1. Would you mind calculating the relative contact order of the stretch 6-88 from Cα pairs under 8 angstrom and at least 6 residues apart, reporting the percent as a whole number?
2. Could you tally the net charge around residue 23, taking each other residue with its Cβ under 10 Å from the Cβ of residue 23, Lys/Arg +1 and Asp/Glu -1?
3. Note down the magnitude of the dipole of the stretch 6-88 about its Cα centre, charges +1 on Lys and Arg C-beta and -1 on Asp and Glu C-beta and zero elsewhere, to the nearest 20 debye.
4. What order, most packed first, do the peptides 73-81, 40-48 have when packing is the mean number of other Cβ atoms within 10 Å of each residue?
5. Quick check: net charge around residue 35, other residues with Cβ under 13 Å of its Cβ, Lys/Arg +1 and Asp/Glu -1?
6. Grab the other residues whose beta carbon is less than 10 angstrom from that of residue 61, score K and R as +1, D and E as -1, and report the net.
Amino acid sequence: RPHCSCPTDTHATMAGRTVFVGNLPSDVRPAELEDLFHKYGKIENVDVKYKADATFAFVDFRDERDAADAARGRDGVRFSDKNIRVEVKRGAAPRGGGGGGYGGGGYGG
């Protein structure tokens, strides 16, 4: 019997409902991003990534239309002395192609 393709399908559908938010201040809190984006629709998750050279986040909306509206409405706006970059996350495969599928291994143990 074939494996469930759920993880792949879920990733593909989440891609259209998630916005990437870049050029964030290093001290940004998830609650601040919820405040910034809540008017566009129901937010399911805010995931802030704190790196040494950049802070960015992924905001997951319940509906992909809300994500598109948020990207249009908030891209380039001033947030805490920075112009943030907001775009809808697209595609299931990272740039540079790559394997797809279920990764290594597979059956049993």
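1. Values: 147 pairs, mean separation 31.7, N = 83.
38 percent.
2. On the way: positive: 82, 85; negative: none.
That sum, taken over residues with Cβ under 10 Å, equals +2.
3. I would put it at about 180 debye.
4. 40-48, 73-81
5. Values: positive: 29, 39, 74; negative: 32, 34.
Taking every other residue near residue 35 into account, the sum is +1.
6. Details: positive: 17, 42, 62, 65; negative: 44, 60, 63, 64, 66, 69.
It works out to a net charge of -2.
Bear in mind these aren't lab numbers, they're just calculated from the coordinates by the rules spelled out. The shown structure was predicted, so the numbers you read here are calculated from the model rather than taken from an experiment. With ideal geometry, Cβ positions are generated from the backbone for all residues, glycine too; neighbour counts draw on all protein chains shown.
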